[in-house]
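Asks: Once you've had a glance at the structure underneath, I'll fire off some questions.
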Amino acid sequence: MTTIQLNIEKSLSFISKTAIDAYADKTAAANKMLHDGSGEGSNYLGWLSLPSSITEAFLSDIQQTADQLRRQCDVVVVAGIGGSYLGARAVIDTLNNSFDWLQKDRKNPVVVYAGHNISEDYLAELTDFLKGKSFGIINISKSGTTTETALAFRLLKTQLENQVGKAAAKSRIVAITDASRGALHKLADQEGYKTYVIPDHVGGRYSVLTPVGLLPVAAAGHDIKQLVAGACVMEKTCGLETAFEANPAAVYAAIRNELYKSGKKIEIMVNYHPKLHVVSEWWKQLYGESEGKDNKGIFPASVDLTTDLHSMGQWIQEGERSIFETVISIAEANREVVIPSDVENLDGLNFLAGKRVDQVNKMAELGTQIAHVDGGVPNLKIVLPALNEFYLGQLLYFFEKACGISGYLLGVNPFNQPGVEAYKKNMFALLEKPGYEKETEAIKSRL
């Protein structure tokens, strides 16, 4: 069976194959810690065997709910923040037709997002857009009290009930939340919303293959069975029984840590396909939140090429040599566009006539990689045979497994995020939230 491939060739002039191979025992130990739960954060390892544990019945239930939303709604609003929306958005944006939302005869509802910021203008524009439209809401929050998401849901729920009535609104709202507690769980019980559970043992940034990701993806019209099937393949490929050199998650984790030791403090995720932009955003949260602690961690950044070669290309080529790149490459474009000949040839492009646009893009990718390596930037490449649900499922699980291994190699707990709470405490104090009186006084004295 074909799988995504990790190519490390363009990193070997910067770190030796011997140095990489020396990680075989370390990555095996880290992988074992994940599987036997002996490492830090072991309460949040439910994602590890998640793909192979998903049943046909469960996927059918998700699909039925998605189909109901698709029948009732022209627009589906996904309300969530961080891992509660990035995974779903990454998959949807990657698989959607770039201009489908503009088509009047589209087959799938438009999926839009809320609860991932606190912009008054954004919320005003969103509620304006939804006026007179048939819309539904997928509200994703374990607690139901995350400020950004709870605020957006309050506004959206009110608008939906005002537009269609409380009884009809109930059938267009789905809650994805805690199994037994929290404000959203209580509200869903009271209102009778269809509910799905965010498993206690799966952290937000690892939750794309739970209902958090699967329901929005299915509502957008994509094949969640193939997404899970791809993840199942990679779960096995990156398992304990796989030798180091055949385990792409272990090799990727090893190279990242060896490059980090050699002074490469920034990893730039590179794509040559604009559909992959949000995959990079999801990846940045996964690695930034998992490894950025104890004053350690590679800083995850991203660029969309060739677009950003005209803005960031100079810095990547000749800036501080503290970076390495990981390129996501698509072996074959889904669509074919052939460049025509032109009699006048004023643009000088007749030398490309008869070639596919994808061929030009591939040569830009190869030429850029050679230039950056020559300029002192190690390069890794992850090749997807095609851009579809099956290979995207492989890619997502690959990154998750590599992140767990890499975090343990780095010596941090890759499954907590204590630093995320710092801004919340200050925000609540400044807003004079009940229960934060002492913090309010303390922070006001600093203003």
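The values are calculated or read from the model by the stated rules, or taken from the named source; none is laboratory data. Predicted model only: the values in this text are computed from it and were never measured. Ideal geometry is used to build each Cβ from the backbone, glycine not excepted, and the neighbour counts take in all protein chains shown.
Asks: With the checklist (1) without any contact (Cβ under 8 Å) to a residue 60 or more places away in the chain; (2) outside any strand (DSSP E or B) in hand, flag the one item K142 doesn't pass.
Replies: Status for K142: all satisfied but (1).
Asks: Would you check which residues across segment 401-447 are over 30 Å from L240 (Cβ atoms) and of a type in the set (G, A, S) and list them?
Replies: The first filter runs over segment 401-447 and keeps only residues over 30 Å from L240 (Cβ atoms), leaving 419-447.
Hits for segment 401-447 are G419, A422, A429, G435, A442, S445.
Asks: Can you tell me how many residues within segment 149-175 are free of Cβ contacts under 8 Å to residues at least 40 places away in the same chain and of a type in the set (V, I, T)?
Replies: 3
Asks: While we're here: Is it the case that some residue within segment 44-61 is of a type in the set (G, A, S), within 18 Å of Q159 (Cα to Cα) and in contact (Cβ under 8 Å) with a residue 12 or more places away in the chain?
Replies: no
Asks: Considering only segment 276-287, I want to know if a residue exists there that is without any contact (Cβ under 8 Å) to a residue 60 or more places away in the chain, outside any helix (DSSP H, G or I) and surrounded by fewer than 22 Cβ atoms within 10 Å (Cβ to Cβ).
Replies: So far as segment 276-287 goes, no, none of its residues is without any contact (Cβ under 8 Å) to a residue 60 or more places away in the chain, outside any helix (DSSP H, G or I) and surrounded by fewer than 22 Cβ atoms within 10 Å (Cβ to Cβ).
Asks: Only one residue in V212, V217, V174, V202 is part of a loop (DSSP other than H, G, I, E, B), β-branched (V, I, T) and buried (at least 18 other Cβ atoms within 10 Å of the Cβ). Which one? Walk me through it before giving the result.
Replies: Values: V212 fails: part of a loop (DSSP other than H, G, I, E, B); V217 fails: part of a loop (DSSP other than H, G, I, E, B); V174 fails: part of a loop (DSSP other than H, G, I, E, B).
Result of the check over V212, V217, V174, V202: V202.
Asks: Just to verify a result, which residue in segment 228-251, among those that are within 20 Å of I54 (Cα to Cα) and among the charged types (D, E, K, R), is farthest from the chain's Cα centre (by Cα)?
Replies: K236
Asks: Just to verify a result, which residue in segment 113-138, among those that are closer than 19 Å to N162 by Cβ and aromatic (F, W, Y), is surrounded by the most Cβ atoms within 10 Å (Cβ to Cβ)?
Replies: Out of the qualifying residues, it is F135.
Asks: Out of all the residues in segment 145-161, is one or more over 21 Å from the mean Cα position of the chain (by Cα), at pLDDT below 95 and not in a helix (DSSP H, G or I)?
Replies: Yes, segment 145-161 has at least one match.
Asks: Just give me the residues in segment 315-366 being within 26 Å of F299 (Cβ to Cβ) and free of Cβ contacts under 8 Å to residues at least 24 places away in the same chain, in sequence order.
Replies: Residues satisfying the conditions are W315, G319, E320.
Asks: Another question, then. Can you go through T127, T94 and tell me which one is of a type in the set (V, I, T) and within 16 Å of the chain's Cα centre (by Cα)?
Replies: Of the residues listed, the single one that is of a type in the set (V, I, T) and within 16 Å of the chain's Cα centre (by Cα) is T94.
Here's the yes/no breakdown for (1) loosely packed, with under 12 Cβ neighbours inside 10 Å; (2) within 27 Å of A250 (Cβ to Cβ); (3) at pLDDT below 80:
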{"site": "D347", "(1), (2), (3)": "yes, no, no"}
{"site": "A364", "(1), (2), (3)": "no, no, no"}
{"site": "Q369", "(1), (2), (3)": "no, yes, no"}
{"site": "L409", "(1), (2), (3)": "no, yes, no"}
{"site": "F415", "(1), (2), (3)": "no, yes, no"}
{"site": "E421", "(1), (2), (3)": "yes, no, yes"}
{"site": "E437", "(1), (2), (3)": "yes, no, yes"}
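Asks: Only one of V383, V377 is surrounded by 12 or more Cβ atoms within 10 Å (Cβ to Cβ), touching a Ser or Thr at 6+ places or on another chain (Cβ under 6 Å) and either in contact (Cβ under 8 Å) with a residue 60 or more places away in the chain or not aliphatic (A, V, I, L, M) (or both). Can you tell me which?
Replies: Being surrounded by 12 or more Cβ atoms within 10 Å (Cβ to Cβ), touching a Ser or Thr at 6+ places or on another chain (Cβ under 6 Å) and either in contact (Cβ under 8 Å) with a residue 60 or more places away in the chain or not aliphatic (A, V, I, L, M) (or both) holds for just one of V383, V377, which is V383.
Asks: In segment 334-367, what count of residues is obtained for those that are within 32 Å of the chain's Cα centre (by Cα) and either of a type in the set (K, R) or not assigned by TED's automatic domain parsing to the domain that holds N379 (or both)?
Replies: Qualifying residue count, segment 334-367: 3.
Asks: Next question. Has segment 77-84 got any residue that is closer than 25 Å to T237 by Cβ and touching a residue at least 24 places away in the same chain (Cβ under 8 Å)?
Replies: yes
Asks: Which condition from (1) of a type outside the set (K, R); (2) at pLDDT 95 or above; (3) part of a loop (DSSP other than H, G, I, E, B) is the one that S98 breaks?
Replies: So S98 meets the others, but not (2).
Asks: Separate question: Picking from K17, K32, which residue would you name as being of a type in the set (D, E, K, R) and either in contact with a Gly (Cβ under 6 Å, 6 or more places away or on another chain) or in contact (Cβ under 8 Å) with a residue 40 or more places away in the chain (or both)? Working first, answer last.
Replies: Values: K17 fails: either in contact with a Gly (Cβ under 6 Å, 6 or more places away or on another chain) or in contact (Cβ under 8 Å) with a residue 40 or more places away in the chain (or both).
Exactly one of K17, K32 is of a type in the set (D, E, K, R) and either in contact with a Gly (Cβ under 6 Å, 6 or more places away or on another chain) or in contact (Cβ under 8 Å) with a residue 40 or more places away in the chain (or both), namely K32.
Asks: Would you call T127 in contact with a helix residue (DSSP H, G or I) (Cβ under 9 Å, 6 or more places away or on another chain), farther than 27 Å from D304 by Cβ and at pLDDT below 95?
Replies: Criteria not met by T127.
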